[in-house]
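Just so you know, all these numbers are worked out from the coordinates, no wet-lab data involved. Computed from a predicted model, the values in this text were never measured in an experiment. For neighbour counting, all protein chains shown are included, and Cβ atoms are generated from backbone atoms with ideal geometry for every residue, glycine included.
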Amino acid sequence: MLNLSKDSSNNQMPGESKECKNNGLLALIGLLVVISAAGWYLYFTAKEQTVKTVTQLVEVNSEKDEVTNELKELIVQYEDLKTDNDEVNQKLSAEQSRIEALLEELKTVKSNNHYQISKYKKELSTLREIMKSYIFQIDSLNTLNVNLRKENSSVTEENSRISSKNKELEELTSNLSSTVEKAAVLRAINISAVALNKKGKETAKVNKSEKIKVCFTLAENTVAPAGNQLVYMRLVSPSGQVLGASGNVVNINGTDIHFSDKREVEYGNKDIDVCIFWAKTNELVEGEYQVELVSRGSVIGKSSIYLK
């Protein structure tokens with residue numbers, strides 16, 4: 001028995017043992033290849049995931065910066081929209097404050113919080129739409145203001161034209177009034193002045209003159225008012241003194257005028273002959289005496305008389 005077992009072990013072929021060793025080596029090599037391949041797979045997978053994560057972070061950071069910059073730019077754009085309308089300006093200021101608050105909130109958001117950043121992007125889009133509505137509103141106001149300015153300009157021009165026309169009418173009315181006033185002034189024509197002695201006869205001698213008679217015709221004037229008209233006579237001596245009582249004073253156009261005598265005439269817009277007598281109250285001297293006739297604030301005639 002013992003000899004048979006020994007013979008059986010000794011009878012195993014050497015080639016079979018070598019083949020078993022080779023198979024084991026091949027299995028080990030295969031296992032190493034699988035492990036290596038798995039390692040490389042895990043490495044590349046991890047690397048790819050890392051790159052993807054880094055890329056996402058970069059993209060998210062970029063989105064945050066982009067939203068931040070666009071919000072800042074939006075503040076400037078709102079500032080440029082300021083108008084002369086106080087109500088609109090208040091609304092614009094409120095929107096600016098809202099954007100500034102969003103910027104402060106955005107600073108606290110983490111760069112990898114894609115969800116929150118997306119919310120701010122949507123808010124930014126809403127703010128842009130609101131700004132568009134304000135732009136439209138401001139354009140409408142500007143158009144309205146332009147139209148109002150045009151209307152105001154037209155009204156101003158029309159008022160200026162009317163004012164100019166009124167001024168012309170006032171000047172015309174004033175000129176017409178002045179013309180009427182001038183036309184309404186009475187005129188004394190055919191004026192004669194003579195000295196009378198005690199017997200009422202004419203004389204040229206100064207020492208015999210007791211009265212001075214001035215006769216004239218109030219000329220026809222259909223424009224002048226009819227009715228009683230006062231005519232003042234002024235006798236001015238060679239020395240320039242108005243002859244007559246000191247109480248003979250009348251205020252004409254704001255000025256006190258001394259006169260020698262007066263006469264009330266019933267004027268009927270037709271020629272009427274009138275005489276005024278002045279009785280001597282002053283000593284007369286040789287020389288030329290001026291005669292002035294005044295009525296309704298104007299000198300209506302002049303003449304003179306020489307006494308020797």
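Distance in nm between label sites at His114 and Lys208, each 7 Å beyond Cα in the beta-carbon direction?
The modelled label-to-label distance comes out at 14.4 nm.
Which of the trypsin sites (Lys or Arg not before Pro) found in region 190-279 are in a DSSP loop and have at most 15 neighbouring Cβ atoms, other than their own, within 10 Å?
For trypsin sites (Lys or Arg not before Pro) across region 190-279 that sit outside H, G, I, E and B with at most 15 neighbouring Cβ atoms in 10 Å, the list reads Lys198, Lys199, Lys201, Lys205, Lys270.
Taking 30 Å as the cut-off for C-alpha to C-alpha distance, list the pairs among Lys167/Lys302; Lys208/Lys262; Lys165/Lys270 that go past it. Display every interim value, and only then the final one.
Values: Lys167/Lys302 38 Å; Lys208/Lys262 23 Å; Lys165/Lys270 39 Å.
Checking Cα-Cα distances, Lys167/Lys302; Lys165/Lys270 exceed 30 Å.
Out of the GluC sites (Glu not before Pro) in region 233-307, which ones are loop residues according to DSSP with at most 13 other C-beta atoms within 10 Å? Could the numbers behind the result be given before it?
Working: sites: Glu264, Glu266, Glu283, Glu286, Glu288, Glu292; in loops: Glu283, Glu286.
When the GluC sites (Glu not before Pro) of region 233-307 are filtered for loop state and at most 13 Cβ neighbours within 10 Å, Glu283, Glu286 remain.
I'd like to know which of Asn253, Ser237, Leu293 lies farthest towards the positive end of the charge dipole of region 188-307, counting +1 on Cβ of Lys and Arg and -1 on Cβ of Asp and Glu.
Ser237
As a quick test, which of the pairs Lys64/Lys122; Lys199/Lys280; Lys91/Lys121; Lys82/Lys122; Lys72/Lys119 have an alpha carbon distance above 19 angstrom in this structure? Write down the numbers at each step before the final one.
Working: Lys64/Lys122 13 Å; Lys199/Lys280 14 Å; Lys91/Lys121 22 Å; Lys82/Lys122 25 Å; Lys72/Lys119 17 Å.
Beyond 19 Å: Lys91/Lys121; Lys82/Lys122.
With viscosity set to 1.567 mPa s at 4 °C, what whole-number translational diffusion coefficient in µm²/s follows for region 188-307 from Stokes-Einstein and a Kirkwood radius over Cα pairs? Could you put the intermediate results ahead of the total?
On the way: Rh = 14.8 Å.
For these conditions, the coefficient is 87 µm²/s.
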